[in-house]
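Quick note: the coordinates plus some simple rules give every number you see, no bench work behind them. Computed from a predicted model, the values in this text were never measured in an experiment. Here the Cβ is made from the backbone with ideal geometry for all residues, glycine too, and neighbour counts use every protein chain on show.
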Protein chains: 2
Amino acid sequence: MAKYVFGVDIGGTTVKLGLFDVSGNVLDKWEIPTRTEDGGKNILPDIADSVLAKMSERNIPKTDVAGVGVGAPGPVDGAGVIHRAVNLGWGEMHLKRELSSLLDGMRVEGGNDANVAALGEMWKGGGQGHANLVAVTLGTGVGGGIIINGRILTGATGSGGEIGHIHVEDHETEACGCGNYGCLEEYASATGITRLAARRLQADDKDSVLRNGEVSAKTVFDAVKAGDALAIEVAQQFGEYLGKGLAVIAGVVNPEIFVIGGGVSKAGEVLFDYIKPAFDRTVFHGCRNTQFALATLGNDAGIYGAAKMVLD
Amino acid sequence: MAKYVFGVDIGGTTVKLGLFDVSGNVLDKWEIPTRTEDGGKNILPDIADSVLAKMSERNIPKTDVAGVGVGAPGPVDGAGVIHRAVNLGWGEMHLKRELSSLLDGMRVEGGNDANVAALGEMWKGGGQGHANLVAVTLGTGVGGGIIINGRILTGATGSGGEIGHIHVEDHETEACGCGNYGCLEEYASATGITRLAARRLQADDKDSVLRNGEVSAKTVFDAVKAGDALAIEVAQQFGEYLGKGLAVIAGVVNPEIFVIGGGVSKAGEVLFDYIKPAFDRTVFHGCRNTQFALATLGNDAGIYGAAKMVLD
């Protein structure tokens with residue numbers, strides 16, 4: 001019976017690594033730089049070296065390790081192949097097989113970073129006790145991860161849970177990063193909230209504390225908490241888009257709970273005050289009791305979820 | 001090793017039953033009336049009697065039967081409990097346990113009828129060869145069933161795949177049967193298409209063959225095929241709503257294929273000409289190659305899928 005498991009979260013600038021016991025207690029965590037040069041060819045060897053060095057440092061024999069789970073920023077299919085990870089310089093890469101071969105055949109599981117983070121929140125974060133959940137990451141973009149019966153919904157091409165790019169607005173004139181117009185990400189990400197605020201500020205000369213300094217998702221929600229009427233309008237717009245989007249997702253996969261994370265979620269439960277009205281108004285009655293919670297693992301969700309993948 | 005399996009599809013007026021071999025060849029199929037009086041208390045005993053009579057008629061011993069799968073019109077949770085089946089007169093009912101006890105402990109599996117039909121289309125219908133699919137039933141309402149890795153996505157409360165009630169229109173003034181406003185079902189069902197056509201006919205006095213007789217989903221698509229300009233406008237509206245709705249569903253669960261069934265699907269592949277433009281325009285790029293097919297099992301999808309549930 002293995003005692004340990006590694007969780008690895010590959011980001012565009014750093015790789016986070018964690019050593020866990022099989023109950024999910026983190027024993028050690030550290031980072032190494034992500035070497036994206038030369039098509040990212042050093043990334044997996046660097047990870048393998050770091051894992052093997054940790055085992056050596058702690059005198060952990062290979063037989064005591066259940067395996068290594070890896071989350072990566074791109075679509076990962078059910079076989080553990082990642083298709084295009086722009087931020088890492090990778091084209092198609094058999095993540096699972098390549099890393100396993102660098103680790104002398106050790107078990108490796110791979111998944112998309114947002115999906116893996118969702119699994120982490122289920123295991124040890126805001127979604128504990130729920131086997132059916134949707135994790136929503138409101139950061140620079142909007143990411144999502146769907147867990148059904150305790151497992152990641154990968155989808156046919158690794159695009160399961162790509163909820164940032166569901167279409168929510170027919171009349172958008174600025175393109176989303178994905179090339180489409182009117183994606184949820186254009187209104188519910190940190191960038192999106194900033195853009196909604198900038199548009200609102202330009203619309204007329206209504207007074208607002210947002211006119212006196214930097215406009216960001218953080219300053220918008222700080223202003224909301226201070227009762228700023230214009231900021232509240234922006235939060236209502238944000239909540240209208242996100243609430244309706246989550247209601248659609250609820251009607252499709254019927255999760256027990258939405259776990260909201262990412263930088264924007266630092267605003268706290270006030271977010272739910274703006275998301276819930278549109279959610280409640282438009283959701284199918286059978287999904288009306290879906291719960292909402294904040295993510296609790298922050299940037300560690302990825303290493304937790306990666307480790308959990310190996311233990312299933 | 002069992003040789004046979006029964007599939008049962010409980011409808012509001014008749015119960016369809018099928019006897020299959022374990023490869024999915026239908027050996028016999030028949031119907032009995034659905035006795036909804038007295039809170040539907042006779043329905044399960046009638047089914048049990050009919051199954052046992054068929055076994056007796058064909059000299060099939062219990063040990064040769066893998067079990068009985070049942071699809072029913074209501075939300076069925078992962079434990080086989082149906083929560084409210086209005087058309088049958090049922091409140092909460094432990095479908096799986098009750099029927100099994102009437103069948104002397106024989107294995108019973110239960111699911112929502114739309115989900116079960118989706119499984120049938122995967123096994124022997126329009127979705128063969130695909131383990132990840134979304135079945136869409138365009139009938140009086142819009143039903144849906146989602147299959148992930150060969151299994152029904154049930155959801156937390158049995159509302160998984162309730163895609164008829166995803167919100168697609170903010171400016172609707174007529175309520176959907178569910179009580180909300182702007183559900184997909186209000187535009188993409190047979191009833192919805194008829195309503196769109198009626199609205200369009202009232203809008204002005206543009207010439208159309210639809211002014212000369214009954215207006216229904218069938219006459220609308222017959223007129224589309226005959227080149228009627230007004231009917232084509234109606235089909236475009238239908239396709240805009242359904243195409244955008246399916247694009248959102250694709251971004252959430254990333255199926256390999258959509259299998260379109262129900263009465264409206266009798267119009268044939270012309271439907272895809274109207275669904276695809278909005279789908280292609282709004283879908284996440286990772287899901288752009290999602291296939292579309294017509295359902296092929298018609299009203300038998302339920303008995304096939306019900307049987308398949310027992311074989312998993």
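For this structure, a couple of remarks:
- Whether the stretch B:104-155 is rounded, prolate or oblate, judged on the alpha carbon gyration tensor where a/c under 1.5 counts as rounded: oblate
- 222 nm mean residue ellipticity, helices alone, for the protein assembly as shown (DSSP H n ≥ 4; -39,500 (n - 2.57); rounded to 500): -11500 deg cm²/dmol
- Here B:R107 and A:Q128 are evaluated by their C-beta separation; at R0 = 56 Å the FRET efficiency comes out at 0.95.
- Three-way shape call for the protein assembly as shown based on the alpha-carbon gyration tensor, with the a/c threshold at 1.5: oblate
- Cα centre as origin, Lys/Arg/Asp/Glu Cβ charges: chain A dipole, Debye: 620
- Considering only alpha-carbon pairs that sit under 8 angstrom and 6 or more positions apart, the relative contact order computed for the stretch B:128-296 is 24 percent.
- Along the axis of the charge dipole computed for the stretch B:128-296 (Cβ charges of +1 for Lys and Arg, -1 for Asp and Glu, origin at the Cα centre), the listed residues B:A247, B:N289, B:L196 are led at the positive end by B:N289.
- Cβ-based exposure ranking for A:D64, A:D312, B:D77, in which fewest neighbours within 10 Å come first: A:D312, A:D64, B:D77
- The distance from the alpha carbon centre of the stretch A:103-145 to that of the stretch B:196-265 is 39 Å, rounded to a whole number.
- Kyte-Doolittle at least 0.5, axis length at least 27 Å by Cα - qualifying DSSP helices, chain B: B:229-253
- Cα-based shape type of the stretch A:1-130, given that a ≥ b ≥ c are square roots of the gyration tensor eigenvalues and the cut on a/c is 1.5: oblate
- Cα-based Rg / Dmax (Å) for chain A: 20.3, 67
- Candidates A:D28, A:D204, A:D222, ranked by Gaussian network fluctuation over chain A, Cα under 10 Å, top entry: A:D204
- Each Cα pair under 8 Å and six or more residues apart adds its sequence gap; the mean of these over the residue count of chain B is a relative contact order of 21 percent.
- Extension gain, B:N59 to B:K225, is 54.6 nm, computed as 0.36 nm per intervening residue step minus the present C-alpha separation.
- If you model the stretch B:128-296 as an ellipsoid using its alpha carbon gyration tensor, with each semi-axis the square root of five times an eigenvalue, the axes come out at 27, 17, 14 Å, biggest first.
- Under a model in which nothing but the beta-carbon of Lys, Arg (+1) and Asp, Glu (-1) is charged, the stretch A:129-296 shows a dipole of about 420 debye around its Cα centre.
- Segment A:D280-A:D49, length gained on full extension (0.36 nm per residue, minus Cα span): 78.2 nm
- Residue by residue along B:241-249, Cβ atoms of other protein chains within 10 Å of the local Cβ number 3 on average.
- Fully extending the segment from B:T14 to B:R84, taken as 0.36 nm per residue of separation minus the present Cα-Cα distance, adds 23.4 nm.
- Of all beta bridges that DSSP places with both ends in the stretch B:68-218, some 75 percent have antiparallel geometry.
- Reachable aspartates and glutamates from B:K266, criterion Cα separation under 16 angstrom, eight or more residues apart if same chain: B:E121, B:D222, B:D300
- In the stretch A:129-296, the DSSP beta bridges split such that about 55 percent are antiparallel, to the nearest 5.
- DSSP-defined beta bridges in chain A - what % are antiparallel, rounded to 5: 60
- GNM top mover of A:G141, A:G120, A:G227 - chain A, alpha-carbon springs below 10 Å: A:G227
- Sequence-separation-based contact order of the stretch A:255-310, relative, with Cα cut under 8 Å and 6+ spacing, percent: 56
- With the simple model of a label 7 Å out from the Cα in the direction of the Cβ, B:H171 to A:D204 spans 2.2 nm.
- Dipole magnitude (debye, nearest 20) for the stretch B:101-192, charges at Cβ of Lys, Arg, Asp, Glu: 540
- Whichever lysines have a C-alpha closer than 23 Å to that of B:K41, once near sequence neighbours (fewer than 8 apart) are set aside: B:K16, B:K54, B:K96
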